[in-house]
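Heads up, the thing below is written out as structure tokens.
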Amino acid sequence: MTVSDALRDRRSCRSFADRPLAPGLLAGLVDRARRTPTAGNCQGVEFLVLEGNDVATYWETTLTAERRVDFPWPGLLVAPALVVPWGVPDRYVARYAEADKARAGLGDSSDDWSVPYWLTDAAFAAMALQLLAVEEGLGCCFFGLFDHETAVAERFNVPEGARAVGTIALGHPDPTSARVSGSVGRGRRPLDEVLHRGAW
Ligand SMILES: Cc1cc2nc3c(=O)[nH]c(=O)nc-3n(C[C@H](O)[C@H](O)[C@H](O)COP(=O)(O)O)c2cc1C
């Protein structure tokens, strides 16, 4: 499978089979996903990997019993694994305080960063993880943490200041699931609408 194949074949999977991942598979995926570029080679993205009971704990933390009743994607809760990539701002500030980066003026505070590269880098890694999942024949779905980021951080002992871009559910797709997201029908915008040659 080429990168182009993986990009073409990937669709968000929101319904998973109740089947665990092969032991060690997830660690291998994360190991490969963390090779994406990072600003100043900070490597300031860390991955909270949840399997087994930890997955249930994640959903207990983010989805109340009340909201669960009419949650539109019950098959998402069956995913055997969740990965939350976190960008760690302190690592970026410290790296940019080093001599070869000092000229950028970003070594004092994360507030000075017009683009929070810890989120950029975490998003790159999140995408790589999804493409690697496709390569493994797995389904995956990136979804938002919305206002649950702090609760998830506290529940899983994530250090203060770390920022999550979202959560990735991974597993074997449930072949019997017919439900598709309303977003799917939006189709793909034509290339000439998004490609601006020379000027917008
Ligand atoms: C930043 C971001 C946030 C997303 N949040 C959610 C979400 O909260 N729930 C969800 O079901 N899907 C979420 N998605 C998945 C998108 O809905 C999906 O990627 C989009 O509709 C295109 O469909 P496809 O992934 O099947 O190509 C998110 C995707 C991105 C990139």
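Those strands (runs of 3 or more DSSP E) of the stretch 30-145 in which 2 or more residues are farther than 22 Å from ALA17 by Cα occupy 45-51, 81-87. None of ALA39, ALA17 is touching an Asp or Glu at 6+ places or on another chain (Cβ under 8 Å) and under 30 Å from ALA102 (Cα atoms) except ALA39.
When SER181, SER114, SER110 are screened for being farther than 29 Å from ALA97 by Cα and among the hydroxyl-bearing types (Ser, Thr, Tyr), only SER181 passes.
Only one residue in ALA22, ALA27 is part of a helix (DSSP H, G or I), modelled with pLDDT of 95 or more, hydrophobic (A, V, I, L, M, F, W, C) and exposed (fewer than 14 other Cβ atoms within 10 Å of the Cβ). Which one? Give the derivation first.
Numbers: ALA22 fails: part of a helix (DSSP H, G or I).
Of the residues listed, the single one that is part of a helix (DSSP H, G or I), modelled with pLDDT of 95 or more, hydrophobic (A, V, I, L, M, F, W, C) and exposed (fewer than 14 other Cβ atoms within 10 Å of the Cβ) is ALA27.
Listed by first and then second residue, the pairs linking a residue in the stretch 37-64 that is under 15 Å from ALA128 (Cβ atoms) to a residue that is of a type in the set (Gly, Ala, Ser) and buried (at least 19 other Cβ atoms within 10 Å of the Cβ), with Cβ atoms under 6 Å apart and 6 or more places separating them unless they lie on different chains, are VAL45/GLY87; VAL45/ALA122; VAL45/ALA125. Filtering the stretch 169-200 to residues that are in contact with a strand residue (DSSP E or B) (Cβ under 8 Å, 6 or more places away or on another chain) and more than 10 Å from the ligand (Cβ to nearest atom) leaves LEU170, GLY171, HIS172, PRO173, ASP174. For the stretch 8-19, state whether one or more residues are in contact with a Lys or Arg (Cβ under 6 Å, 6 or more places away or on another chain), at pLDDT 95 or above and not polar (S, T, N, Q). No: zero hits.
Taking the conditions (1) in contact with a Phe, Trp or Tyr (Cβ under 6 Å, 6 or more places away or on another chain); (2) of a type in the set (Ser, Thr, Tyr); (3) modelled with pLDDT under 95 in turn, TYR92 satisfies each one other than (3). What's the number of the condition LEU170 fails, among (1) assigned to a strand (DSSP E or B); (2) on the phi > 0 side of the Ramachandran plot? With respect to (1) assigned to a strand (DSSP E or B); (2) on the phi > 0 side of the Ramachandran plot, LEU170 is out only on (2). Only residues that are among the charged types (D, E, K, R) and more than 15 Å from the ligand (Cβ to nearest atom) were counted in the stretch 1-36, giving 6.
Residue check: ASP121 meets all listed conditions (1) of a type in the set (Asp, Glu); (2) modelled with pLDDT of 95 or more; (3) surrounded by fewer than 21 Cβ atoms within 10 Å (Cβ to Cβ) but one, namely (3).
The values are calculated or read from the model by the stated rules, or taken from the named source; none is laboratory data. It should be emphasised that the depicted structure is a prediction, and the values quoted were computed from it without experimental measurement. Using ideal geometry, Cβ is built from the backbone for each residue, glycine included, and neighbour counts are taken over all protein chains shown.
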